[in-house]
Amino acid sequence: MNKQSKINKKAWSYRATEFWSNKLGKPSQAAKDMIERPHYYLRRHIQFFDEIRGKKIINPLGSCGQKAVPLAILGADVTVVDISEENKKYATDIAVAANVNLTYIVSDFLEFNIDNIHNPFDIAYLEGGVLHYFSDLHKFANKLYSLLKLDGKLILNDFHPFRKLLQERDIFKDANDNLELTGNYFESELIVGEVSYEKYLSHNTQDEFPKCLLRYWTMGEIITAFASAGFVIKQLVEGPRFDSYKNLPGDFTLIALKQELAEK
Ligand SMILES: C[S@@+](CC[C@H](N)C(=O)[O-])C[C@H]1O[C@@H](n2cnc3c(N)ncnc32)[C@H](O)[C@@H]1O
């Protein structure tokens, strides 16, 4: 595991189960809600899945299972790959309470091995804060390509690179926060950042929380990595921020297919 992943594993292994329990409730409560309204948890991206029932879906960096378990409830065969054992604990507890199967592999996404030939996935679904955990986007895109079957679909959602321009990169924050254009869109260094839930947990000293190491990408770098891995890009849908600055881009969703190309 490289240094960046080691640092991020430590950060995401710190009090994650506690955070998810605060946010989504005890696993039994979360499971009950997911059974009652699975579409609610998938509402931002469900339009990109043609079909869910019977599909083999990989959900890399799937965290606490808040997307994977609703997909399993809707009839998919779901595999999560995530670096945090703490996340696995919460996700598997919800899956058990919801009475669905969930395969959860704790590993650095770039390092896990699966029998690709016998286990190709129909869909790879990733969302909300994933690309900045990797400092080699080509390797990341190639890995996703290798996991999909021919004609398999990539649904990749992440925060919009426009946020690189802003001093404050959290797209959920609201007015009076730093929306000054003091960032550098072309910055390519690794940046020390907070694990996304740090602000939601009480703690005595600011630095008791382990930090993350993040690489923020430009839109050009992202599209180039997936196109050169061999994906055929079908759609790039940009959406507004999640706070009141609806005039600024907040996230994007890339829809791409693994198709046989004459030359790769
Ligand atoms: C912000 S979350 C992504 C959002 C998530 N899909 C959800 O449902 O909340 C980022 C996740 O990436 C995981 N992660 C970070 N680096 C990773 C790596 N190199 N390989 C696998 N998982 C990683 C973290 O443990 C964390 O669960």
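In the context of the full set of protein chains, the chain has a per residue accessible area of 48 Å² (1.4 Å probe).
The relative contact order of the chain comes to 19 percent, based on Cα pairs under 8 Å that sit 6 or more residues apart.
What FRET efficiency would be calculated for the residue pair LYS139, HIS39, taking the C-beta separation as r and a Förster radius of 30 Å, to the nearest 0.05?
0.35
Sort GLU208, GLU51 by heavy-atom solvent-accessible area, probe 1.4 angstrom, most to least.
I get GLU51, GLU208, largest accessible area first.
The sum of -39500 (n - 2.57) across all DSSP H runs of n ≥ 4, divided by the residue count of the chain, sets its helix-only mean residue ellipticity at 222 nm to -8000 deg cm²/dmol.
Express the carbon and sulfur contribution to the solvent-accessible surface of the chain as a percent, rounded to the nearest whole number, probe 1.4 angstrom. Heavy-atom surface of the chain belonging to carbon and sulfur, 1.4 Å probe: 50 percent. Expressed as a fraction of 2.2 N^0.38 Å, the C-alpha radius of gyration for the chain is 0.98. Approximating the spin labels as points 7 Å out from Cα along Cα→Cβ, the LYS89-to-LEU236 distance works out to 4.1 nm.
The residue list LEU137, CYS212, LEU154 was ranked by how far each Cα lies along the charge dipole of region 3-258 toward its positive end, using unit charges on Cβ atoms, and LEU154 comes out on top. Given a cut-off of 22 Å, name the pairs among LYS56/LYS153; LYS10/LYS55; LYS3/LYS258 whose C-alpha atoms lie farther apart than that in the structure shown. Correct reply: LYS10/LYS55; LYS3/LYS258. Counting only DSSP beta bridges with both residues in the chain, the antiparallel share comes to about 55 percent. Of all the options LEU24, LEU214, LEU201, the one that moves most in a Gaussian network model of the chain with Cα springs shorter than 10 angstrom is LEU201.
Using the Cβ-Cβ distance between LYS3 and ASN101 with R0 = 35 Å, the FRET efficiency computed as 1/(1 + (r/R0)^6) comes to roughly 0.50.
Full-extension gain between SER28 and PHE112, please, as 0.36 nm times their residue separation minus the C-alpha to C-alpha distance.
The SER28-PHE112 span can extend by a further 27.3 nm.
Dipole magnitude for the chain: about 400 debye, using +1 per Lys or Arg Cβ and -1 per Asp or Glu Cβ, origin at the Cα centre.
The values are calculated or read from the model by the stated rules, or taken from the named source; none is laboratory data. On a predicted model such as this, the values are computed, not experimentally measured, just so you know. Cβ sites come from the backbone with ideal geometry, for glycine too, and all protein chains shown count toward neighbours. Side chains included, ligands, DNA and RNA excluded: accessible areas come from the protein's heavy atoms. Shrake-Rupley method; radii C 1.70, N 1.55, O 1.52, S 1.80 Å.
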